[in-house]
Amino acid sequence: MKVLLTGASGFVGSHILDSLCARRIDTVVLLRPTSNKRFIEAHLPQLTVCTGSIGDRQSLDAALREVTHVIHCAGCTKALRLPEFYEINHIGTRNLVEAINRRPGQIERLVHISSLAAGGPATPDRPAREDDPPRPVSEYGKSKLAGEQEVRQCKSDYVIVRPPAVYGPRDDAFLPFFKAIKVHFQLRVGSRPLALSLVFVKDLAEAVAGCLTSSAAVRKTFYAASPEITNAHALTGEMASQMGTWTLKIPVPSAALWPVCLLQEAVSRLTGKPSVLDRQKYVELSAPGWVCDTTHLQQELGIVCATGLQKGLAGTLAWYRQHGWL
């Protein structure tokens, strides 16, 4: 087996690479010239490194030359312009699928990392299931769904993995909440706590690696998340508990969140740096919940993303402190 991993230098991709290297799987990575290699530096001597991107046909063909399996983790989660979501999550995925299809009989399997956002919001009383009609509410979710539709045109076997919000070491999305708690502010977004499924990044990486070889996974979609359901208020409460500090609970009602997202979007345009908070994120945060059913993954593949929130946040906090992020 020889695996091409896209998005290897990112948060989730770097953990998938850790899992592949721990399994001693021969791996090729496709990196842009500007990719930050800080998370994968130690692995580089044992990898085949190809320079290019999923937007470049020539570099895709070069990266796939001796590959038997592909894990497609490259994606856009925040953007200055809405078309960027589609350029990467949709058209980039189409480019990869077309490159695979140009090599009939060579690529045995494509594992595609999508998102719960492609399925749409769901609540604990009716969590999202793989056979539900997709109802994405954000442009990010719509672009990820469009990417899934491209994957289904793949002539090789494929597996689609839909994680919810991912957290863990190397993640910068949860970091602002920890930083706020450090100065004794516990932000509580929304008048009602948003119900959430989450997945610890190391569990997700192991689930993705397991999808490479399982015959039961072929041409199926799986939600990959912890069976534990939490909510946004409990999440920040557990962060405060882990940090062992007192906090002032600062309510951020939905009505106040809208101007904050508008302001952050304006700042992003001025600085040229995309932010997680924008009008698209407001749509997602205003949803009734983001909860998925993990039964299919457990019963079909025997995979459980078992790390609970308390243990996962403890590992995340320890990594932040060890690396000077907090």
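Overview of values
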| item | result |
| --- | --- |
| Å² of accessible area per residue within the chain, as computed with a 1.4 Å probe and no ligands counted | 45 Å² |
| When region 194-268 is reduced to its Cα atoms, the Kirkwood hydrodynamic radius in Å | 16.1 Å |
| Within the chain, percent of DSSP bridges classed antiparallel, to nearest 5 | 10 percent |
| Whole-number D in µm² s⁻¹ for region 37-91, Kirkwood Cα-pair radius fed into Stokes-Einstein, 4 °C, 1.567 mPa s | 98 µm²/s |
| With Cα atoms, 0 to 90° folded angle of helix 254-271 axis to the chain main axis | 50 degrees |
| Convex hull (Cα only) mean projected area of the chain, reported in nm² to one decimal | 15.7 nm² |
| Cα-based Rg of region 58-121 normalised by 2.2 N^0.38 Å, two decimals | 1.24 |
| Inter-part distance where region 210-230 and region 234-308 are each reduced to a Cα centre, Å | 23 Å |
| Cubic angstrom per residue, convex hull over Cα atoms of region 1-139 | 139 Å³ |
| Gyration tensor over alpha-carbon atoms, region 285-326, equivalent ellipsoid semi-axes in Å | 28, 18, 7 |
| Cα long-axis angle, helix 201-211 against the chain (0 to 90 degrees, to the nearest 10) | 30 degrees |
| Computed Rg/Rh of region 115-177, alpha carbon atoms with Kirkwood Rh | 1.03 |
| Approximate shape of region 168-223 as ellipsoid semi-axes (Cα gyration tensor, √5λ), whole Å, largest first | 34, 15, 6 |
| Dimensions (Å) - region 166-311, Cα atoms, principal axes, largest first | 48, 36, 28 |
| Rg and Dmax [Cα atoms of region 236-294; Å; Rg one decimal, Dmax integer] | 14.8, 41 |
| With 10 Å bins from 0: P(r) over region 119-252, alpha-carbon pairs, percent | 10, 33, 34, 16, 6, 0 |
| C-alpha long axis of helix 139-151 to longest principal axis of the chain, angle in ° | 20 degrees |
| Sparse-neighbour loop sites [trypsin sites (Lys or Arg not before Pro); region 126-211; at most 16 other C-beta within 10 Å; DSSP] | ARG129, ARG152, LYS155 |
| Farthest positive-ward along the chain dipole, Cα basis, beta-carbon charges - from SER59, TRP246, SER268 | SER268 |
| Cα Rg over Rh - region 23-64, Kirkwood | 0.98 |
| Segment VAL183-GLN322, extension gain: residue separation times 0.36 nm, minus the distance between their alpha carbons | 48.2 nm |
| Spatial extent of region 1-83: Rg and Dmax, with the Cα atoms as the point set, Å | 12.4, 39 |
| Whole-angstrom gap from region 18-70 to region 173-193, using each part's C-alpha centre | 36 Å |
| Calculated FRET efficiency for the pair SER214/ARG279, C-beta based, R₀ 51 Å, to 0.05 | 0.85 |
| Distant alpha-carbon pairs in region 225-326 (separation over 24 angstrom), percent | 47 percent |
| Only Lys, Arg (+1) and Asp, Glu (-1) charged, at Cβ; region 74-162 dipole about Cα centre in debye | 120 debye |
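The values are calculated or read from the model by the stated rules, or taken from the named source; none is laboratory data. For clarity, every value in this text was computed on a predicted model and none was experimentally measured. Note that we place each Cβ from the backbone using ideal geometry, even for glycine, and neighbour counts take in every protein chain shown. These accessible areas exclude ligands, DNA and RNA; they are computed on the full protein's heavy atoms, side chains included. Shrake-Rupley method; radii C 1.70, N 1.55, O 1.52, S 1.80 Å.
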